[in-house]
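Structure incoming, see below.
Taken together, the values in this text are just the output of simple stated rules run on the coordinates, not laboratory data. Model, not experiment: these values are computed from the prediction. Cβ placement follows ideal geometry from the backbone for every residue including glycine, while neighbour counts extend to all protein chains displayed.
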Amino acid sequence: MFAPAAAFAARRSPGVRALAFAMVCAGAATVAHDAFAAEACDPNASLSVLAFKEQPTLDPAKTVGPVSDGTRFWLYDTLIRTTPEGLLAPGLATSWQFTSPTEFTLQLRKGVVFHDGAPFNAAAVKATYDRNKAFPAVTASWTQPMAGVKNVVASGEYEVKYQLSAPNPAFAFALTAAAGMIVSPAALKQPLDLTAVEPGPSSS
């Protein structure tokens, strides 16, 4: 397993909006595509990405539309992914199922760490949900798909249950975007507008 560390900062220059990504890593695999990995990575390398509109925040709870949503996907993996064909695929969760009509249970990927070194686990999923639910600045990109969720329970170190107020057969799709992006519990204590602390790759 390897755990790249990344620091993200918003950079502004006249006439150009850019995000500068300073990446420190020992490899370059993604969680769901761990078969691909670079043998080495320059710890001093940086990647600048141009955007036609300035990004107001890197906080996944404050996404406001396609521009900011797209930026989040550069930074955060989601619990569940979608394929180009629109099918569900594993992301930070390796499997999921309804264990009752109103209980959606996910098994989480093991061996993943956040870029601040904290482990990704059910407690992190629970902490992200609790923070976003109480967050005054949370936007509809999070509140709408989570409207039917009564609570999130960490039922095991790598098992989490979403308790719904009513059956929702399509609930898995709610976790493929902002509502499925998980933040390091330590990072949740600080503003995330210019800092992203997301899960990094694993070998599992």
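Residue 126: which lysines have alpha carbons under 22 Å from its alpha carbon, excluding same-chain residues fewer than 8 sequence positions away?
Output for residue 126: 62, 110, 150, 161, 189.
What distance in nm lies between label points placed 7 Å from Cα along the C-beta direction at residue 143 and residue 165?
1.3
Could I ask something else about it? Spin-label point model (7 Å from Cα, Cβ direction): what's the residue 88 to residue 186 distance in nm?
According to this spin-label approximation, the distance is 3.3 nm.
OK, next. In what order do 85, 54 fall by count of nearby beta-carbon atoms within 10 Å, going from fewest to most?
85, 54
Calculated FRET efficiency, residue 150 and residue 98, Cβ-Cβ r, R0 25 Å, to nearest 0.05? Show your work: numbers first, answer last.
Numbers: r = 15 Å, r/R0 = 0.59.
Computed FRET efficiency for residue 150 and residue 98 comes out at 0.95.
Taking other Cβ within 10 Å of each residue's Cβ, how do 80, 182 sort, fewest first?
The order, fewest Cβ neighbours first, is 80, 182.
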